[in-house]
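Data block below; observations after.
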Amino acid sequence: MRTHDLHIYNTLSRKTEKFEPLHPNLVGMYVCGPTVYSNAHLGNARTFISFDIVFRYLQHLGYKVRYVRNITDAGHLESDADEGEDKISKKAKLEQLEPMEIVQRYTIDFHTMMQSFNALPPSIEPTATGHIIEQIEMTKQILANGYAYESNGTIYFDVEKFAKQYNYTALTGRNLEDLLNGTRELGGQDDKRGRLDFALWIKAKPEHIMRWPSPWGEGFPGWHLECSAMSRKYLGEKFDIHGGGMDLAPTHHTNEIAQNVSCTHDAEPVCYWMHTNMLTVNGQKMSKSLGNSFLPHELFSGLHPLLDKGYSPMTVRFFMLQAHYRSTLDFSNEALQAAEKGFARLMNAMKLLDGLKTTNTSSVNIAELSKSIYAAMDDDFNTPIALSHLFEGVRIINSVNDNKETLSDDDKNTFVTLMKTMVFDVLGLKEENAVNTDKIDGLMNMILEVRGEAKTRRDFSTSDLIRDRLKEIGFEIKDGKEGTSYTITN
Ligand SMILES: [Zn+2]
C-alpha cells in the first residue's frame, strides 16, 4: 500500500474530504452506467473516462477496488417524472426489433467506444433485467417499512413521509419547498399522492413490451430502483464511492439515497458522492437540439460540420484529462488541435525515456517532480495539474537527451518508473498505431539511407530536399555523430 493523502470532493458535504474507505485496503465504487438505446455519446465518455482514472489511481495506490457500473436495459422512461415510453421499447418498436436486440447492439457499441478510449472494464457490469428479483424484493421491503404505497398496480415512493424523518434533498442541498413549487401539480389522472413521489414498480400497460410478473401484477421496475438494488447487492448496505454525471444528482441519485435509506435506516448509505461536469462546444452546452453534439466516432473520423478534421481516441482522452472532472470541458477545433500536439510531444518524449544516458550525478530533482505529480492526483484527481508536471518530465527527458541536463543511474530508474506509471497506468494513455510504427520506422530508415548515399556522393541538393520535404510532413531529421535520427513533430 502506497502512503498517500488522497482527498475527494464530496457532493454530499460540498467539501473536499480525506479519503478513508470503510474497510482498510478495500474500496467499493458504483457508477451509473449508460442506458443502451442509442449510440454512446461524448458526455457519457467523459464521465466514464473520469471514473476510469479514479479506478486506476485507487488501484495504483494499492487498494483492491470493486468497481460496479451498471447497464440500464429496462425501466428508463423518456421523462424522469415516470412519464413517456420506455426508451429501449420505443426504439425497438421503431426499428421492429426485439428490445434485447437493441440492448445488445448498443451495449457492444458502448464497450467498443470505451475500449477505443483505453478504459478498463469495471469489475462487475450488472443489468437491470438481470436483477428484477432483487428490485421486487427491495420494493417489498420499502412497502413493509411504510415508505411506499400501491396505486392501481404501481408502487410509489412516499417522498413526503420520508422527508419528515430524513433530509430528502441532502445531496443537492436544495430547499424542499422550492422543489415542490417547481414541480407540476397533480391532476385527476395521476395515481400518485404527492407531487415528488416516484415509481418503484410500474404497472405495464397492455402495449408495453418489457414486463415481468410481480406481487402487484405484471410490470417493470422504475429506473432509480435498479441502482439501489444492484449497488446494495454487490457493494453492501453502505459503501465508499458513488459516481455519475452531475445531471443525475437532483433526481436519480436523490431518489437512490431515499430508497436505500428507507430500507436500512442509515442516513448515509454512500460515503463519497462524486459527480462529473458537462461538456460544451465552443462555449455552448452540447445538446442534440442545438445541433452541436457529436458522437465519438464522428470525432474520430472528423465527419461532422463542426469539426475541421478527425482526432484519435488518445488525443481525445488526453484532451479530456486537461480539464478537471468537476469543471466543464469545452470542445473546439483549436483546443483539440493543441491537445493533438501536446499528446504527440508527450509520446515522443516517452520513446526517448529508456535510452536516456546516465552520469554520476543528476542536475534535475526527480524526487520533487514525483512529489508534485502525486500531490496533484491526491488533490481530488487533479489531472490537468498532474499533466503540467508530467510536461516538466518531458522537458527533463528532452534536456537530458540533448545533454543539457544530467541524470544519475538511480534517478533514471525512479524517473522511468514514475513517467511510465503515471502516463500509461494511471492516466491510461497509450501509444497509438503501434503496428504502423514499425512500418513507418522501416520506411524512414530506407529514406534516410537514400539520403545518406546522396550525401556521400556530395549531392547536397538532394539530401537537403529530402530533409526539407520530410520536415513539411512532420518528420524532423537530426544528423549526429552516431548517425541520423528522426522524430515525428506533427
Ligand atoms: Zn444509477
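Could you check how many residues of region 40-73 are in a strand (DSSP E or B) and within 16 Å of the ligand (Cβ to nearest atom)? Outline the logic, then answer.
Start the filter on region 40-73 by keeping residues that are in a strand (DSSP E or B), which leaves 64-69, 71-72.
Okay, now just the ones that are also within 16 Å of the ligand (Cβ to nearest atom), so 67-69, 71-72.
Residues meeting the conditions: 5.
Gly84 passes every criterion in (1) small (Gly, Ala, Ser); (2) surrounded by 16 or more Cβ atoms within 10 Å (Cβ to Cβ); (3) under 22 Å from Met100 (Cα atoms) apart from (2).
Taken together, the criteria place Asp52 among residues that are of a type outside the set (A, V, I, L, M, F, W, C), crowded, with 16+ Cβ neighbours inside 10 Å, out of contact with any Phe, Trp or Tyr (no Cβ under 6 Å at 6 or more places or on another chain) and at pLDDT 95 or above.
Scanning region 437-449 for residues that are surrounded by 13 or more Cβ atoms within 10 Å (Cβ to Cβ) and aliphatic (A, V, I, L, M) yields a total of 4. Counting the residues of region 370-406 that are surrounded by 19 or more Cβ atoms within 10 Å (Cβ to Cβ) and not small (Gly, Ala, Ser) gives 14. Based on this model, can you work out whether Glu256 counts as assigned to a loop (DSSP other than H, G, I, E, B) and within 30 Å of Thr154 (Cα to Cα)? Here the answer is no, as Glu256 does not meet what is asked. Of all the residues in region 262-302, those that are assigned to a loop (DSSP other than H, G, I, E, B) and over 23 Å from Ile49 (Cα atoms) number 8. Residues in region 22-37 that are open to solvent by 30 Å² or more (accessible area, probe 1.4 Å), within 30 Å of Phe110 (Cα to Cα) and part of a loop (DSSP other than H, G, I, E, B): Tyr37 only. Does region 87-98 contain any residue that is more than 16 Å from the ligand (Cβ to nearest atom) and in contact with a Phe, Trp or Tyr (Cβ under 8 Å, 6 or more places away or on another chain)? Scanning region 87-98 turns up at least one residue that is more than 16 Å from the ligand (Cβ to nearest atom) and in contact with a Phe, Trp or Tyr (Cβ under 8 Å, 6 or more places away or on another chain). All of Asp247, Asp266 fail the test of being open to solvent by 30 Å² or more (accessible area, probe 1.4 Å), more than 12 Å from the ligand (Cβ to nearest atom) and without any contact (Cβ under 8 Å) to a residue 40 or more places away in the chain, apart from Asp266. Within region 232-244, if we keep just the residues that are within 13 Å of the ligand (Cβ to nearest atom) and closer than 22 Å to Arg326 by Cβ, the residue that is surrounded by the most Cβ atoms within 10 Å (Cβ to Cβ) turns out to be His242.
Selection within region 250-263: residues that are open to solvent by less than 10 Å² (accessible area, probe 1.4 Å) and hydroxyl-bearing (Ser, Thr, Tyr). The member of this set that is nearest to the ligand (Cβ to nearest atom) is Thr254.
The values are calculated or read from the model by the stated rules, or taken from the named source; none is laboratory data. The model shown is predicted, which means the values in this text are computed figures rather than measured ones. Positions of Cβ are generated from backbone atoms using ideal geometry, with glycine treated the same way; all protein chains shown enter the neighbour counts. Surface accessibility is based on the protein's heavy atoms, side chains included, excluding ligands, DNA and RNA. Shrake-Rupley method; radii C 1.70, N 1.55, O 1.52, S 1.80 Å.
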